[in-house]
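Visitor: Sharing a structure, written as structure tokens. Questions coming.
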């Protein structure tokens, strides 16, 4: 099982797609029922990171 913290850490370390998340954490590679939740976390964290970046 992959934790939310592991997902957030992977995103902050550069994962910016579901494929990156799968590669870095192995999330969604079993039965895949967590895919919607993983996608929501990815989108949320990417929005946070985008908001923090100076223009």
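Read the figures in this text as sums done on the coordinates, not as results from a lab. Just so we're clear, the structure is a prediction, and the values are computed from it rather than from any experiment. Glycine also receives a Cβ, built like all others from the backbone with ideal geometry; neighbour counts cover every protein chain displayed.
Visitor: Residues being surrounded by 12 or more Cβ atoms within 10 Å (Cβ to Cβ), assigned to a helix (DSSP H, G or I) and over 9 Å from the mean Cα position of the chain (by Cα): count how many of those fall in region 34-43.
Guide: Count: 2.
Visitor: Further question on the same structure: Note down all Cβ pairs under 7 Å where the first residue falls in region 35-49 and is over 11 Å from residue 18 (Cβ atoms), the second is surrounded by 14 or more Cβ atoms within 10 Å (Cβ to Cβ), and they're at least six residues apart or on different chains.
Guide: Pairs that qualify, where the first residue is over 11 Å from residue 18 (Cβ atoms) and the partner is surrounded by 14 or more Cβ atoms within 10 Å (Cβ to Cβ), are 45/8; 45/11; 46/11.
Visitor: While we're looking at this one, here's another question. Filter region 1-33 down to the residues that are part of a helix (DSSP H, G or I) and exposed (fewer than 14 other Cβ atoms within 10 Å of the Cβ) and list them by number.
Guide: 4, 5, 12, 19, 23
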